[in-house]
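Worksheet: one structure, shown below.
Each reported figure results from applying straightforward, stated rules to the coordinates on display, with no laboratory input. Here the structure is a predicted model, which means the values were calculated and not measured. Heads up, the Cβs are rebuilt from the backbone with ideal geometry, glycines too, and the neighbour counts pull from every protein chain shown.
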Amino acid sequence: MKLLIIEDEKELLDSVVKYFQGAKYVCEVASTYKAALEKVDLYDYDCILLDSTGTIACGWPTTKPLLISATSPELAFIQMAGLILP
């Protein structure tokens, strides 16, 4: 399975990639929304994991263009959100 992981926090991105690579997934990354759109236009993915908080994404207006650009009708799309508690 080929994943596109869209995350702007390097440490979190590294952690997510490490987890999925350990499960034998092929992972590509994008740390900006522009880079994500470019990758979706060029490659097919089985699943896109998108950081829905922070500087990259903000809900449906961000998600819709990624979905429209994706060519695979079986694409899974997961928005990640995290909260760090004290």
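So the values come out like this:
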item	result
Cβ-defined net charge surrounding residue 8, 14 Å radius [Lys, Arg +1; Asp, Glu -1]	-3
Net lengthening on full extension, residue 8/residue 74 (0.36 nm per residue, minus Cα-Cα)	21.2 nm
Residues in the range 1-32 that a label on residue 44 would reach, taking backbone N under 17 Å of a point 7 Å out along Cα→Cβ	1-4, 26-28
